[in-house]
Amino acid sequence: MGKQIKPYKDSELGKKEQVAQMFDNISGSYDGLNRVISLGIDVSWRKKVVKLIGEKKPQHILDIATGTGDLALMMAKLKPTKIIGLDISKGMLEVGKQKIAKVNLSDTIEMVVGDSENIPYEDNTFDAITVSFGVRNFENLDKGLTEILRVLKPNGKFVILETSNPTKFPFKQGYKFYTNYILPIIGKLFSKDKVAYSYLSESANSFPFGVELNNILIKNGFKNVECSPVTFGVASIYTSTK
């Protein structure tokens, strides 16, 4: 998988700790910035994920790398018994807790500080598991995926929403320009953490996508693996089952 990409090049911390630190730093401005960066399209991508997750009417849902809880809040419309939002960044979870309390969903959605590579739940706990824009931040992708498989119930559904790189002209060229030049500028204008958005675009550009990520899911034991690119391929939705 090549060189591991971390946010802070000169830090001694491992990727996991650096990612937690970075998201703590940008948690206050993250939601507003996300809408700007994706031109608001990320909301429609999440709606697609919610629809896919809702097909089996899951009662217990785990949202990994939940951040400020955007996807968890949208999945509450499915009326599950419980949604657990797991994240390694306390700062992001605090912002999420406030959003959840505002809409009186604190009984349904529980925000938990935790690590995707050591999920604090029993085997076969969840009917459905989601990760939106989080798998590329895993320190060890295989370990994270085997943990997800472990806590997913048999026949449970696993859906990933992640950035991918458009492969067709002219979207490929336009996207490269956008992520390499425009994104870091927007990040610097909005955020006090100057490296965060350079890391986010760099990690997006180098992360396996499409068939490559399908194969990684299959290798780690997932079945019925499918990938659907959205918005010219700037993101992709991967569905699979246990």
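List the equivalent ellipsoid semi-axes of region 89-181 in whole Å, largest first, each obtained as the square root of 5λ for an eigenvalue λ of the Cα gyration tensor.
Working: eigenvalues 167, 82, 34 Å².
After diagonalising the Cα gyration tensor, the semi-axes are 29, 20, 13 Å.
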For this session: With Rg and Dmax of the Cα atoms in Å defined as stated, name the option among (i) 19.4, 59; (ii) 17.4, 53; (iii) 16.8, 47 computed from the structure displayed.
Result: (iii)
For this session: Whenever you get a sec, compute what percent of the accessible area on region 117-242 sits on carbon and sulfur atoms (1.4 Å probe).
Result: 58 percent
For this session: Among 86, 141, 62, determine the one that fluctuates most according to a GNM of the chain built with springs between C-alpha atoms less than 10 Å apart.
Result: 141
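Please give me the summed charge of the neighbours of residue 24: other residues whose Cβ is under 14 Å from its Cβ, Lys and Arg +1, Asp and Glu -1. Could the numbers behind the result be given before it?
Details: positive: 16, 90, 192; negative: 17, 87, 94, 193.
Around residue 24, the surrounding residues sum to -1.
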Exercise. Length gain on complete extension for the stretch residue 98 to residue 43, per 0.36 nm per residue less the alpha carbon to alpha carbon distance?
Worked result: 17.9 nm
Exercise. Hey, if you drop one equal point scatterer on each alpha-carbon of region 1-127 and run the Debye formula without solvent, what base-10 log of I(q)/I(0) do you get at q = 0.13 Å⁻¹?
Worked result: -0.58
For this session: Please find, in a Gaussian network model of the chain (springs between Cα atoms separated by less than 10 Å), the residue of 155, 104, 140 whose mean-square fluctuation is greatest.
Result: 104
Exercise. Highest GNM mean-square fluctuation, the chain, Cα pairs closer than 10 Å: which of 58, 170, 229?
Worked result: 170
Problem set entry | Cα lying deepest toward the dipole's positive end in region 1-120, options 114, 40, 93, charges on Cβ | 40
For this session: Work out how much length residue 205 to residue 186 would gain on full extension: take 0.36 nm times their residue separation and subtract the Cα-Cα distance, in nm to one decimal.
Result: 5.1 nm
Problem set entry | Distance between region 146-161 and region 23-100 - C-alpha centres, whole angstrom | 17 Å
Exercise. Can you give the % of DSSP beta bridges in the chain that are antiparallel, to the nearest 5?
Worked result: 40 percent
Seminar exercise, completed: residue 131 neighbourhood, Cβ < 9 Å, K/R = +1, D/E = -1, net charge -2
For this session: Take every DSSP beta bridge whose two residues both sit in region 53-118, then give the antiparallel share in percent to the nearest 5.
Result: 10 percent
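Over region 79-129, average the accessible area per residue using a 1.4 Å probe and give it in Å², no decimals. Don't jump to the answer; show the numbers that get you there.
Values: 2580 Å² over 51 residues.
Roughly 51 Å² per residue, with all protein chains present.
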Seminar exercise, completed: Heavy-atom accessible area per residue of region 158-240, all protein chains kept, 1.4 Å probe, expressed in Å², is 50 Å²
Problem set entry | Rg followed by Dmax, in Å, when region 129-242 is reduced to its Cα trace | 15.3, 46
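Sorting check: for 148-154, 171-177, which peptide has the highest mean count of neighbouring beta carbons within 10 Å, and how do the rest follow? Please list the in-between numbers first.
Numbers: 148-154: 18.9, 171-177: 14.3.
Going from most to least packed, we get 148-154, 171-177.
The values are calculated or read from the model by the stated rules, or taken from the named source; none is laboratory data. Worth saying up front: this structure is predicted, and the values here are computed from it rather than measured. We place every Cβ from the backbone using ideal geometry, glycine too, and count neighbours over all the protein chains shown. Note: accessible area is taken over every heavy atom of the protein model, side chains too, but ligands, DNA and RNA are not part of it. Shrake-Rupley method; radii C 1.70, N 1.55, O 1.52, S 1.80 Å.
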